[in-house]
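> Let me begin by handing over the structure; questions about it come next.
The values are calculated or read from the model by the stated rules, or taken from the named source; none is laboratory data. Note that the structure is predicted; figures quoted are calculated from it, not measured. All Cβ positions, even for glycine, are placed from backbone atoms using ideal geometry, and neighbour counts span all protein chains on display. Ligands, DNA and RNA are excluded from the accessible area calculation, which covers all protein heavy atoms including side chains. Shrake-Rupley method; radii C 1.70, N 1.55, O 1.52, S 1.80 Å.
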Amino acid sequence: MRPEILFPLFAPVTSLKGVGARVAPLLERVAGPSVRDVLFLSPQRIVRRPPASIASAIEGETATFEVVIESHKRPGRPSHPWKIRVFDDTGFMSLVFFHGAGADLERRHPKGARRLVSGRLERERFSDAPQIVHPDYLVAPERAGEIPKFEAVYPATAGLASRQVRRFALEALERAPVLPEWQDPAWLARQGWPAWREALAAFHAPADEADLSPAASARRRLAFDELLAHQLALSQRKHRRRDHPAPAIAAGDLAARVEGALPFSLTGAQRRSLSEIRADLASGRKMTRLIQGDVGAGKTVVAMLAMADVAQAGFQSVLMAPTEILARQHFETLSAPLAAQGVETVLLTGRDKGAARARKLERLASGAAAVAVGTHALFQEGVAFARLAMTVIDEQHRFGVAERTRLQAKGEEAHLLAMSATPIPRTLELTVFGDLDISRLDEKPPGRSPVATRATPSPRLADVVARLRAAVGAGAQAFWICPLIADSEAADLAAAEARFARLREVFGPAVGLVHGRLPAAEKDQVMADFADGRLQVLVATTVVEVGVDVPAASIMVIEGAERFGLAQLHQLRGRVGRGPGEASCVLLYDPPLSEVAARRLDILRRTDDGFAIAERDLELRGGGDPLGLRQSGFPDYRFADPLVHADLIAAAAADARLILARDPELRSQRGAGLRILQELFDWRAEAPRDEAG
């Protein structure tokens, strides 16, 4: 239950003065539904209001002028503005007001009155005369104190001006209580940080751009508070999972036989990861581990050998993939090597109906089938396991918490092994996967050649098509990824359909098209036709996961490459080069390139190390949504910037571990403050706000 001291902050925004039925939805759009959300809203920039004369004022800048009212010009029509002509010793300008209220203006600011006016100077369209449209301040000289020298500018929206939002933010600050200190006193003193309430006051009263920086003392204090709340919740979640018993499973000779029959040797990273998984399985405590590896690094093989250990111990495993085509790909990888050692594997998808589905369900319920591979169909009603001991989730960020929970509920004491092909920078691992143990596959399997990557300007599109035609004529297969257009799925689809039509004119019926709006069965059929060689060119938008393993596909063309993130380009490139021959990736871009886009494409040309690329991608993008991970469980921080505050992430994780080692139930005086902190940020172990766990 939320502590009473926080009630004022979690009151609805309608409790703020001036926030009625009209303003509330606008303020919620800008900040959120609670007073706390308004309190946590960050100013975007600073407006300075230096004293100025009309003649010396610079267009586009905000300044404060001492003027005399010369006249009021009434509008000729209701849609026209009311204008006040004013002057000082150096010249004249107009104050422009729309939406009526002219009579009141004339009463409060009569002809001949001396006034202070502050706002952004503009020029009239036709006369080029100076003007201020809707001045921020128009007051008598004795009220000069109402005009600040510096003023924070907050986000705004149609119908809600920045100054109104600022007023609400400052009222929210007035309601912020003094809370018990949750930080370690020695740490606070060493950092030289203010108390929480003081940090918030400084956050909302910046005097210059440095005060708005993530490196400012107040901002770092607030960022560390937020990071500590998150890391504490993740650590609590990890501790609670470890307290859950699970079957103790020892490594056996069955997995050794499966490995011995493979046509390749495991990499050092695969052996290390398998050893870490086996230590977890043998512990008798619930495993919650993530295998994080680049595209093609061999995650599925590691999972298969762990499944062999589980099967030899008399238990069952299940592997769930986000799409049917990926589930079939995993089934083909697993089933034959396991079957050769007497381990039965079944594939269960939404296509299974009637008697065929019933037979598969019976094999799982009886325990005859030790391994199940499938899609969402695995956690549907009617699917039961005899002795489920390990759940493997591929691309786990593609499933919601509820879906993963429903699958794990099929075996409440089952170990959890997640797999992700999205390399995460080490600096961000703690924020995304802080409640999981991590195994990193950072080596490429032997025999895989780097994909030759080159950047080509779009005016040379005809040359690219000609070379592609020659390669396809020699039996090659190619992906053609269409560009992202203004974050519009409809526009992306139109571009893909147009490219598909043009390539069909060149290649005939050997071209296929997949996009997010295709029915699932139709999409899977096109992907299967490409995987089986019935199509030679696959045109696709990035709305659809193109993670099908097609060893014969050796060419990747990415159109509008400058619009993609570095990590996304690397993911797409990883879909080719899986066969024995040479592979190539063409990055088609529209010139001229920005400096960041040019660096991005250059990095991709020079390296194929996914983890190194992820680090560089983070550097190039800065904060915001690193690597597009928001949908992958990346937290939506209010104060913390993962790039600037990387040192604080590590410090918060270390502090969280120390706190739980000393005070696991948070019963101490500091623990009471920490419970308030977690409620303040909505980071709680039992109610995760993020999707990472």
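> Take the residues in the stretch 81-94 that are among the β-branched types (Val, Ile, Thr) and open to solvent by less than 60 Å² (accessible area, probe 1.4 Å), then tell me which one is nearest to Pro141 (Cα to Cα).
Val86
Per-residue answers, yes or no, for (1) within 31 Å of the chain's Cα centre (by Cα); (2) modelled with pLDDT of 95 or more:
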{"site": "Arg272", "(1), (2)": "yes, yes"}
{"site": "Thr288", "(1), (2)": "yes, no"}
{"site": "Gly293", "(1), (2)": "yes, no"}
{"site": "Ala297", "(1), (2)": "yes, no"}
{"site": "Val302", "(1), (2)": "yes, yes"}
{"site": "Leu305", "(1), (2)": "no, yes"}
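> Residues in the stretch 520-535: is at least one within 26 Å of the chain's Cα centre (by Cα) and not basic (Lys, Arg)?
yes
> Please find, within the stretch 614-641, the residue that is nearest to Ala199 (Cα to Cα) out of those that are modelled with pLDDT of 80 or more and assigned to a loop (DSSP other than H, G, I, E, B).
Here the answer is Phe639.
> Ok, one more. Testing Glu562 on (1) open to solvent by 30 Å² or more (accessible area, probe 1.4 Å); (2) part of a helix (DSSP H, G or I); (3) farther than 24 Å from Thr422 by Cβ, one condition comes back false. Which one is that?
Going through (1) open to solvent by 30 Å² or more (accessible area, probe 1.4 Å); (2) part of a helix (DSSP H, G or I); (3) farther than 24 Å from Thr422 by Cβ one by one, Glu562 breaks only (3).
> With the requirement that a residue be of a type outside the set (Lys, Arg), open to solvent by 30 Å² or more (accessible area, probe 1.4 Å) and assigned to a loop (DSSP other than H, G, I, E, B), what does the stretch 263-287 give you?
Pro263, Phe264, Ser265, Ser283
> If you don't mind, another one. With the condition being open to solvent by less than 20 Å² (accessible area, probe 1.4 Å) and more than 17 Å from Ala653 (Cα to Cα), I'd like the helices (runs of 4 or more DSSP H) fully within the stretch 154-254 carrying at least 3 qualifying residues.
The qualifying helices (runs of 4 or more DSSP H) are 162-175, 196-203.
> Here's another thing I want to ask about it. Scan the stretch 51-80 and report the pairs whose first residue is under 21 Å from Asp136 (Cβ atoms) and touching a residue at least 40 places away in the same chain (Cβ under 8 Å) and whose second residue is among the polar types (S, T, N, Q) and open to solvent by 50 Å² or more (accessible area, probe 1.4 Å), with Cβ atoms within less than 7 Å and a gap of 6+ or a chain change.
Ile54/Thr90
> Identify the residue in the stretch 586-613 that is touching a Ser or Thr at 6+ places or on another chain (Cβ under 8 Å) and not in a loop (DSSP other than H, G, I, E, B) and, among all such residues, is nearest to Leu441 (Cα to Cα).
Ile613
> Given the residues Ala612, Ala567, Ala598, which is the only one that is open to solvent by 10 Å² or more (accessible area, probe 1.4 Å), under 26 Å from the mean Cα position of the chain (by Cα), more than 24 Å from Pro457 (Cα to Cα) and small (Gly, Ala, Ser)? I'd like the intermediate steps shown before the answer.
On the way: Ala567 fails: more than 24 Å from Pro457 (Cα to Cα); Ala598 fails: more than 24 Å from Pro457 (Cα to Cα).
When all the criteria are applied, what remains is Ala612.
> Still on this model: I'd like to verify a number: residues in the stretch 95-124 that are within 43 Å of the chain's Cα centre (by Cα) and either touching a residue at least 60 places away in the same chain (Cβ under 8 Å) or surrounded by fewer than 17 Cβ atoms within 10 Å (Cβ to Cβ) (or both), how many?
Of the residues in that region, 7 qualify.
> If you don't mind, another one. Considering only residues that are open to solvent by 10 Å² or more (accessible area, probe 1.4 Å) and at pLDDT 90 or above, look in the stretch 379-397 and name the one that is farthest from Gln312 (Cα to Cα).
Ala384
> Further question: Please work out if Val67 is surrounded by 15 or more Cβ atoms within 10 Å (Cβ to Cβ), in contact with a Ser or Thr (Cβ under 9 Å, 6 or more places away or on another chain), of a type outside the set (Lys, Arg) and closer than 19 Å to Ile147 by Cβ.
No: the conditions fail for Val67.
> Could you tell me which residue of the stretch 357-378 is nearest to Asp294 (Cα to Cα), considering only residues that are modelled with pLDDT under 90 and open to solvent by 10 Å² or more (accessible area, probe 1.4 Å)?
Out of the qualifying residues, it is Thr375.
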